[in-house]
Amino acid sequence: MNPRLVPAQINISFSEATSEAEAYEGEYHKLIESDNSPINQWVKHAKARGDTHETDPVLLNLLVELHNKIDALERFIKHEEPSRVPLIMKGRIESIGFEHFNLDAPLLSVGVQYYGRVEMPIHPKRDIGIFFEALSPTLAAIVRTHERDEAEWATYLTSRERLLIREAKESKK
């Protein structure tokens, strides 16, 4: 089985899923909830009521991100780091597919299930939680991720593919 993969450099931290299963499951759900800051909740409610129909969506998103950055700086100054489950291994994803990814080094044990935190290189920057199974020492199949994270992964993959196509066209000229 050779899944179609696209080059992408992404950091990942991971551990075997069986070692701290409850803690990993808890963090997996916490990561998706971390986007529910008070300002994000307020904007969602305002959009639902139709209060933002005359607002420029790009400007609104930038203001929300600025607010989130200020909140992050405040947490940093107060030394309020979000509690994360310690993960034993760190690696680099070198290529991705819709349901697979490949590491740049052989760090996986075939058939073993892992929990990982992926540092998505998107705006706004955030980590996503995934459960995956090793198909080879470098190739993994994504077993479970949140629906929203799956959509962001697919969007990032698609943008990488477009970039590669554009570069290939430009190199032919």
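The values are calculated or read from the model by the stated rules, or taken from the named source; none is laboratory data. Being a predicted model, the structure only gives us computed values, none of them experimental. Here Cβ is always computed from backbone atoms with ideal geometry, including for glycine, and neighbour counts include all displayed protein chains.
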Going residue by residue through region 39-57, is there one that turns out to be of a type in the set (S, T, N, Q), surrounded by fewer than 12 Cβ atoms within 10 Å (Cβ to Cβ) and not in a helix (DSSP H, G or I)? no
Name the single residue, out of those in region 43-70 being free of Cβ contacts under 8 Å to residues at least 12 places away in the same chain and of a type in the set (D, E, K, R), that is nearest to I32 (Cα to Cα). K44
Find the residue count for region 132-148, including only residues that are within 13 Å of the chain's Cα centre (by Cα) and touching a residue at least 12 places away in the same chain (Cβ under 8 Å). 5
Residue within region 110-131 that is outside any strand (DSSP E or B), of a type outside the set (A, V, I, L, M), within 12 Å of the chain's Cα centre (by Cα) and more than 21 Å from Q41 (Cβ to Cβ) present: yes
Within region 137-173, tally of residues that are within 14 Å of I93 (Cα to Cα) and at pLDDT 95 or above: 6
Restricting to region 71-125, give me the number of residues that are surrounded by 12 or more Cβ atoms within 10 Å (Cβ to Cβ), in contact with a Leu (Cβ under 9 Å, 6 or more places away or on another chain) and without any contact (Cβ under 8 Å) to a residue 40 or more places away in the chain. 1
Per-region count, region 132-156, residues farther than 25 Å from G111 by Cβ and either part of a strand (DSSP E or B) or not acidic (D, E) (or both): 5
Would you point out which residue out of S15, S19 is of a type in the set (S, T, Y), over 17 Å from N68 (Cβ atoms), at pLDDT below 85 and not in a helix (DSSP H, G or I)? S19
